[in-house]
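I have placed the structure first, in the form of structure tokens, so that the comments after it can refer back to it.
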Amino acid sequence: MTEKNLETHELRPANHFLRDQIAADVENKTYGDAVLQTRFPPEPNGYLHIGHAKAIFLDFGLADEFGGKTNLRFDDTNPEKEEQEYVDAIQADVRWLGFEWDRLCYASDYFGQLYEWALQLIRAGKAYVDDLSAEEIRQYRGTLTEPGKNSPWRDRSAEENLDLFVRMKNGEFPDGSRVLRAKIDMASPNLNMRDPVMYRILHATHHRTGDQWCIYPMYDYAHGQSDAIERVTHSMCTLEFADHQPLYRWYIEQLGIFPSRQFEFDRLNLTYTMLSKRKLLQLVAEKRVAGWDDPRMPTLSGIRRRGFSPEALRAFCASIGASRTNGTTDIEMLEHFQRDELNRRSARAMAVVRPLKVVIDNYPEGQEEFVEVANNPEDPNAGTRQAPFSRELYIEQDDFRETPPPKYYRLSPGKEVRLRNAYFITAQSVEKDAAGNIAAVHCTYDPLSRGGNSPDGRKVKSTMHWVSARHAITAELRLYDKLFAKPDPYDFPEGGDLFDNLNPNSLEVVHDARLEPSLAAAKPGDRFQFERVGYFCVDPDSSETRKIFNRTLPLKDSWAKIEKKSTPAG
């Protein structure tokens, strides 16, 4: 549960073990007078996804709450996969979520210090140069039930190891020919402690250091020491790194440096969502999506383009908190938070997705008027706008049936309905084209029902939205749905593939929707509730002459119903 200020709608996460830990450390002055310091350390080898939003929220949010600081540090130790494009995108995403870092750092800033510390470990007999191949190292490591065995190069002298490591750094050896390994315990029950690799040879140009280095540190070696350099007090990461914590501590203890500590929490898993950066890259590379910012993608750039807001993501992250056990969250919970935020903040507009013309035969030809419409009924300060009304209108095709089914309360021959904020109309006849399709519905209206109310108090069972045909603008609507068809995208038959579960109906494009004229001034990123249709935002592909709207979400909120049912009464 969350604590919520009903006026500002600011959410504070409920207590969880990370907050309790930090609160205890602050109270007990575990780090003396040192400032609480966290860091968010993405590798710049892809775009951030919604799973990273949870980590960002915890790293920055907890530091903010306890008066601390957060660094944004790029784990740029793998030059073959990292690009400046990703560095720029990650910074934009963090800022979009509403957070600002205290320092912008890179693991590559510390390559010189990491190298010196490697020399220190070699001199202390805690690291050695190994000539085994990568495959041989895997074979020597052993299994979960069998201990590993020592490399034949494990007992080289410190002098020989120093000489070889310096020569590795100087570029004398080819890629993969040698590595530097920590000398710990090949019989350890934790495979990560079985002489892990610290450095590998890689003659590749780095996006920041160029060709200065041809040896690069492994994540497990670079990460904890980077934390120590930055005096990180609470290094938070996901549960898959729990088995790496002993190695994290071992390096820090052997080097006698600032005692950063690692804490693990559950990663975010969502139904209908795949959060593997490698697989997301494959989706982009194989052009199964339109790019990293395709609105169907779970990347922050994708959901931003779809119309999701940072406020909703922060509220969602606050609600799920942090746990020591991995689980899966229903994506409808995320959508619920977004609908709630959009319902409160987004301007209303009328838009007809699949237009059907209505002609009001007794409305004077050439006459037009304006009806007053609330911009947002949830916000008394949002004001109103004037929507044009004329003899010819557009309504949704689904809002008329020539032969209505039982309990169909919308427009049909002889039936009266209310046009929202306008008049009562009654269908009289239909006009068909040569193919027998309905081209127009002819109606009459009650002039005394202006504003949508009948002077004699008669009731109608349906209220419909509409757009004046003379004033409407034509727009493209991109109707997005879930990218995967199954709640668990990884559930596929043997011999199948993750991408077999892609939803073939994840995107429908409507080219000739009709929108009220006020939307002609909408700018990319503007969000709206199209009444009775859904929540939409203006896509960056829009132009002054052609508007394109992405459907963020339909109006229906099934999670709200689930939540209501599961909440105990009173």
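Give the range 165-184 a look and list any residue that's surrounded by 13 or more Cβ atoms within 10 Å (Cβ to Cβ) and not in a strand (DSSP E or B), or say none. Outline the logic, then answer.
Narrowing the range 165-184 to residues surrounded by 13 or more Cβ atoms within 10 Å (Cβ to Cβ): 165-169, 171-173, 178-184.
Those that are surrounded by 13 or more Cβ atoms within 10 Å (Cβ to Cβ) and not in a strand (DSSP E or B): F165, V166, R167, M168, K169, G171, E172, F173, R178, K183, I184.
Restricting the first member to the range 174-189 and to residues that are over 17 Å from N161 (Cα atoms), and the second to residues that are open to solvent by 50 Å² or more (accessible area, probe 1.4 Å) and assigned to a loop (DSSP other than H, G, I, E, B), the beta-carbon pairs closer than 7 Å and six or more apart or on different chains are D175/H203; M186/P147; M186/K149; M186/N150; A187/P147. Does the range 294-309 contain any residue that is open to solvent by 10 Å² or more (accessible area, probe 1.4 Å), within 15 Å of K482 (Cα to Cα) and in contact with a His (Cβ under 8 Å, 6 or more places away or on another chain)? Scanning the range 294-309, I find at least one residue that is open to solvent by 10 Å² or more (accessible area, probe 1.4 Å), within 15 Å of K482 (Cα to Cα) and in contact with a His (Cβ under 8 Å, 6 or more places away or on another chain), so the answer is yes. Number of residues in the range 513-530 that are surrounded by fewer than 18 Cβ atoms within 10 Å (Cβ to Cβ) and not small (G, A, S) equals 4.
Scanning the range 318-357 for residues that are open to solvent by less than 10 Å² (accessible area, probe 1.4 Å), of a type in the set (S, T, N, Q) and within 17 Å of the chain's Cα centre (by Cα) turns up just one, Q338. From the list E253, E311, the one residue that fits, being in a helix (DSSP H, G or I), at pLDDT 95 or above, among the acidic types (D, E) and closer than 30 Å to L202 by Cβ, is E253.
Which ones in the range 76-129 are outside any helix (DSSP H, G or I), among the small types (G, A, S) and touching a Lys or Arg at 6+ places or on another chain (Cβ under 8 Å)?
Step one: list which residues in the range 76-129 are outside any helix (DSSP H, G or I), which gives 76-83, 97-106, 124-129.
Next cut, among the small types (G, A, S) only: 98, 124-125, 127.
Correct list: G98, G125, A127.
Considering the conditions (1) open to solvent by 20 Å² or more (accessible area, probe 1.4 Å); (2) closer than 27 Å to F499 by Cα; (3) assigned to a helix (DSSP H, G or I), L283 is excluded by exactly one of them, (1).
Condition check ((1) open to solvent by 10 Å² or more (accessible area, probe 1.4 Å); (2) within 30 Å of G68 (Cβ to Cβ); (3) assigned to a strand (DSSP E or B)) across all residues:
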{"site": "R200", "(1), (2), (3)": "yes, no, yes"}
{"site": "A204", "(1), (2), (3)": "yes, no, no"}
{"site": "R208", "(1), (2), (3)": "yes, yes, no"}
{"site": "W213", "(1), (2), (3)": "yes, no, no"}
{"site": "D220", "(1), (2), (3)": "yes, yes, no"}
{"site": "Q225", "(1), (2), (3)": "no, yes, no"}
{"site": "V232", "(1), (2), (3)": "no, yes, no"}
{"site": "S235", "(1), (2), (3)": "no, yes, yes"}
{"site": "E240", "(1), (2), (3)": "yes, yes, no"}
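Kindly evaluate Q84 against the criterion of being without any contact (Cβ under 8 Å) to a residue 60 or more places away in the chain and of a type in the set (S, T, N, Q). No; evaluated as a whole, the condition is false for this residue.
Considering the range 369-466, the qualifying strands (runs of 3 or more DSSP E), each wholly inside and each with 3 or more residues that are open to solvent by 10 Å² or more (accessible area, probe 1.4 Å), touching a residue at least 60 places away in the same chain (Cβ under 8 Å) and of a type outside the set (D, E), run over 438-445.
The values are calculated or read from the model by the stated rules, or taken from the named source; none is laboratory data. Model, not experiment: these values are computed from the prediction. With ideal geometry, Cβ positions are generated from the backbone for all residues, glycine too; neighbour counts draw on all protein chains shown. Ligands, DNA and RNA are stripped out before the accessible areas are found, and what is left, the full protein with its side chains, is counted by its heavy atoms. Shrake-Rupley method; radii C 1.70, N 1.55, O 1.52, S 1.80 Å.
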